[in-house]
Every structure is written in C-alpha cells, then in structure tokens.
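Engineer: Here it is, the structure, as structure tokens.
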Amino acid sequence: MSNQLQHLWQRRNALCLAIGIVALALITGLNSTSWIGSTFPGFFVLDNTVVASVSLPHWSVANSRHIYQRAVVAVNDMPVTTSAQVYKLVRQLPVGSPVTYSLEKDGQLSQATLLSQRFGAKDYILLFGAYLFTGLVIAGIGIGVWSVTPQAPASRALLSLSL
C-alpha cells in the first residue's frame, strides 16, 4: 500500500471513530436531558439502590454525606428495591418536600430526612457536562495519537483505553 493511500486510510478511520464518538455523546446527552426540571432526592441512587458518592455543593446530600454508599431500603416508610422506585416516589412530591430515607449498610439501619430538589440546567451542565466534556477530550486524544501513528503498540493501547 502506498504511503499516501495508507495516510488516507488512517484519516478515514480516525474520522469514522470520531463521528461514532460524537454520535454516542449526542445520543447520551439528549437522553440525559430528561433529568432537567425533574424533582429528585438531592442525590443520585445507583441501580442497586446505593447512594452514589457524587453531588454538587447545593444539593441536599452535601450536608449529609454520611449517607453515601448506603442502600436506600425505604422512602417515607415505603419499601423500595430499585433506584427507579426511589426516583418515582420522590418525583410524586412537590419540590422542597421533606423525604425520610431508610438506609442500610453492613446490616445497620439508619434514617435521614432530606428535602427533595429540582434538577436544573445548571446541575446538568456542572455534572453531566463535565463528564461529557472530559470523555470527548480523552477520546479525541486517543483518536488523534492513533491517527498519527496507527502501527505503534502504544498508540493502539491509548486508543483502546480512551475509547
């Protein structure tokens, strides 16, 4: 294969990867906008009902960080087994409603009462926007290095890691 043809092949493949990454970012970005304007607990709940160790300073959980990594087992005395149930129960309440969460960690039960909140555009940009930007930059670095030196094992490793 001629050097010029190989260079065109590298650029085409790099462009295809970049388009795929941007498409994936757009799809996930648009799907996640459903959070904007919704009522939420003031913290995130993972699929296994564990409170994620992620928040912004103005969220309810910011002053109650002791609930991180605890499983939500009830919301206002209603038992829950999924994060979807937690979010559904909270979304039914007006913003600013006190919500009592029954939490479990290592067999120990506790309770915490936090105010429900509105997830705003600022929350979206500060949280999801930061993750999206970081992911695009990392993917761009991997694609860029690989497109310049596709045969080098280090560039292949960087590409696979960055994607």
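Engineer: Taking Cα pairs under 8 Å and at least six residues apart, what relative contact order does the chain come out at, in percent?
Structural biologist: 24
Engineer: Which ³J(HN,Hα) values in Hz, rounded to whole numbers, follow from the phi angles of region 64-78 under the Karplus curve 6.51 cos²θ - 1.76 cosθ + 1.60, where θ = phi - 60° and Gly and Pro get x?
Structural biologist: The phi angles translate into 9, 5, 5, 8, 4, 6, 9, 8, 7, 10, 7, 10, 6, 6, 9 Hz.
Engineer: Another question, if that's okay. Quick one: angle between helix 153-162 and the longest Cα principal axis of the chain, in degrees between 0 and 90, rounded to 10, please.
Structural biologist: 30
Engineer: Add -39500 (n - 2.57) for each DSSP H run of 4 or more in the chain, then divide by its residues: what number comes out at 222 nm, to the nearest 500 deg cm²/dmol? Before the final figure, lay out the partial values.
Structural biologist: Numbers: 5 runs with 72 residues, N = 163.
Computed ellipticity for the chain at 222 nm equals -14500 deg cm²/dmol.
Engineer: Still on this model: How large is Rg over Rh for region 82-146, taking Rg from the Cα atoms and Rh as the Kirkwood inverse mean of 1/r across Cα pairs?
Structural biologist: Using only Cα positions, Rg/Rh for region 82-146 is 1.21.
Engineer: Tabulate in residue order the Karplus-calculated ³J(HN,Hα) for region 21-33, using 6.51 cos²θ - 1.76 cosθ + 1.60 with θ = phi - 60°, rounded to whole Hz; enter x for Gly and Pro.
Structural biologist: Each residue's phi maps through the Karplus curve to give 5, 5, 4, 4, 5, 5, 4, 5, x, 5, 5, 6, 5 Hz.
Engineer: Let me ask you something else. Does anything in region 76-100 have its amide N under 18 Å from the 7 Å Cα→Cβ label point of VAL54, and if so which residues?
Structural biologist: Within reach of a label on VAL54: 83-88.
Engineer: Also, quick follow-up: Gain in length, ILE36 to TYR68, computed as 0.36 nm per residue apart minus the alpha-carbon separation, to one decimal in nm?
Structural biologist: Gain on extension, ILE36 to TYR68, equals 9.2 nm.
Engineer: Taking R0 as 45 Å, what FRET efficiency do you get between ALA25 and GLN92 from their Cβ-Cβ distance, rounded to the nearest 0.05?
Structural biologist: In this case the efficiency is close to 0.90.
Engineer: Normalised by the residues of region 89-147, what does the relative contact order come to in percent, with Cα pairs under 8 Å and at least six apart?
Structural biologist: With pairs under 8 Å counted, the relative contact order is 25 percent.
Engineer: On full extension of the chain, what length is gained from LYS105 through THR149, given 0.36 nm per residue of separation minus the C-alpha to C-alpha distance? Numbers along the way, then the final one.
Structural biologist: Working: separation 44, 0.36 × 44 = 15.84 nm, distance 4.90 nm.
Extending this stretch completely gives an extra 10.9 nm.
Engineer: In nm, to one decimal, how far is the modelled label at LEU46 from the one at ASP77, with both set 7 Å along Cα→Cβ?
Structural biologist: 3.0
Laboratory data are not the source of any read-out in this text; all were calculated from the coordinates shown. None of the values given here were measured: they were computed from a predicted structure. Every residue, glycine as well, gets a Cβ built from its backbone with ideal geometry; the counts of neighbours run over all protein chains shown.
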